[in-house]
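Below: one structure, written as structure tokens.
Derivation of every value follows stated rules applied to the coordinates shown; laboratory data play no part. Please read these numbers as outputs of a predicted model, since none were measured by experiment. Cβ coordinates were reconstructed from backbone atoms using ideal geometry, including for glycine residues, and neighbour counts include every protein chain displayed.
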Amino acid sequence: MALIDLANPSRFLALADRVLPWLAAATLFAFALGLGQAYVAPDDYQQGATVKIMFIHVPSAWLGMFAWGIMSLAAVGTLVWRHPLADVAAKAAAPVGAAFTLMCLVTGSLWGRPMWGTYWVWDARLTSVLVLFLMYLGVIALWRTIDDPARAARVVAVLTLVGAINVPIIKFSVEWWNTLHQSASVLRLDGSTIHPAILGPLVVMIVAFTLLFLSLHLAAMRNEITRRRLRTMLMMRADAAAGH
Amino acid sequence: MTALAALLMRDLRLAVRVGGGAPIGVLFFLIVVTLVPFAIGPDLNLLARIGPAILWLGALLANLLALDRLIAMDHEDGSLDLILMARAPLELALAAKALAHWLSTGLPLVIATPLLGLLLNLDPTATGAVALTLIAGTPALTFIGLIGAALTTALRRGGLLLAVLVLPLTIPVLIFGVAAANAAIVGPVPFGTPFSILCALTLMSIVVGPFAAAAALRQGLE
């Protein structure tokens, strides 16, 4: 089935209905496996059981960026091909991405309290994730300010692409800013030295979270199409009631 | 080219003659800087230390002030339709409008900086450094703001939404602007390093801003 065929909402809905149960089942399976492995994974010799927050924190951070990537791809689809499904994909991804980014911030904060002794430090990584979260909220606010979904999609697509250019710059500049203002006093996990006993479950959890995101995204796209149909029907009914 | 020059002159004339242009921006800048000592106390040493940051924040907010009228006013009186249909490319027309906005809003802020530096107990070197970073950095603020102005004009919403969309994008400019000013005053980083990055950010936003703004207007106004 070519991508252009999916521009027909009925075909997309039929495909989504067929794929979604399998995707949900795969998500459940991956979570069962990942959570089981995470449960039996050894505690860190220094951090104790709190290291297990990582199994939620790291996948959330990954999805926060992954969702923006999906939105950028959809934005290209909107601007270049005016693919109707790309509009729906971009709109559905924004709240899910924002939720995962918030989850990353909250779990990071809860992890920081026992480890760093404070809920929040102006660490480069924390700060750039916070900015990413603010940009998600800006995109969602922009979506909500306009009724006509097709026009909103094209305008939001411009903002999404500008954001995609800016996110790496913001990340770089925040890192520069942080190293300038304070020496590396913050405890941080060194990515390369994670023990295999913890790395294994982490990879499984990342896969599980990605599957969860895909399921949620597909379901949200389905809901969005239904919502648009409902809106059209209501408008037609109001039109008929007005006697035109 | 003459069309663009005419557009530039028209925007400048509007900014000077219609109230609320350049003088209001500088006045706002002055008020923001005046408010800070009331909030943190009249400690001159502390003010000198955070002076560059205050001046930069004031410039950021003052720049934001006039942005929501940058394109929206033309949309209201219909001249935006003429600009859209004109033979000159929309990107260049928007760049000319942004240049006019910078000349009427950004440049007066730079000129007012020495006076405000005096109020914040900055020595001449520090004031010069802040003015230099502002002259290099405020065009970036204007051209990034141009994108926000185009987006909100296309949606017929302005005000707070514009600030929410634009301010996160200006974080790098703020970081390197203040960092360059501080580098010139206290070191230890050489002034050139952050200043070059600030200039690079400005040049990049001059390229990206008009294209993104033009795309937003073309896609949004149908």
- Task: Please find, within the stretch B:168-184, the residue that is nearest to A:ILE169 (Cα to Cα) out of those that are more than 8 Å from chain A (Cβ to nearest Cβ) and hydrophobic (A, V, I, L, M, F, W, C).
- Result: B:VAL173
- Those residues of the stretch B:135-151 which are surrounded by 24 or more Cβ atoms within 10 Å (Cβ to Cβ) and over 20 Å from B:ALA96 (Cβ atoms) amount to B:GLY137
- Which of (1) away from chain B (no Cβ under 14 Å); (2) under 13 Å from B:LEU169 (Cβ atoms) is the odd one out, the single condition A:SER109 does not satisfy? (2)
- Query: Scanning for something buried (at least 24 other Cβ atoms within 10 Å of the Cβ) and in contact (Cβ under 8 Å) with a residue 40 or more places away in the chain, does the stretch B:153-161 turn up at least one residue?
  - Reply: yes
- Message: Considering only residues that are more than 7 Å from chain B (Cβ to nearest Cβ), under 20 Å from the mean Cα position of the chain (by Cα) and either surrounded by fewer than 17 Cβ atoms within 10 Å (Cβ to Cβ) or farther than 28 Å from A:ARG125 by Cβ (or both), which ones fall in the stretch A:165-175?
- Response: A:PRO168
- Restricting attention to helices (runs of 4 or more DSSP H) lying wholly within the stretch B:137-222, give those where 3 or more residues are touching a Pro at 6+ places or on another chain (Cβ under 7 Å). B:171-185, B:192-220
- Across the stretch A:37-80, what is the total count of residues that are under 30 Å from B:ALA212 (Cβ atoms), surrounded by 20 or more Cβ atoms within 10 Å (Cβ to Cβ) and not hydrophobic (A, V, I, L, M, F, W, C)? 4
- Query: Quick check, is B:VAL18 over 24 Å from B:ALA131 (Cβ atoms) and of a type outside the set (Lys, Arg)?
  - Reply: yes
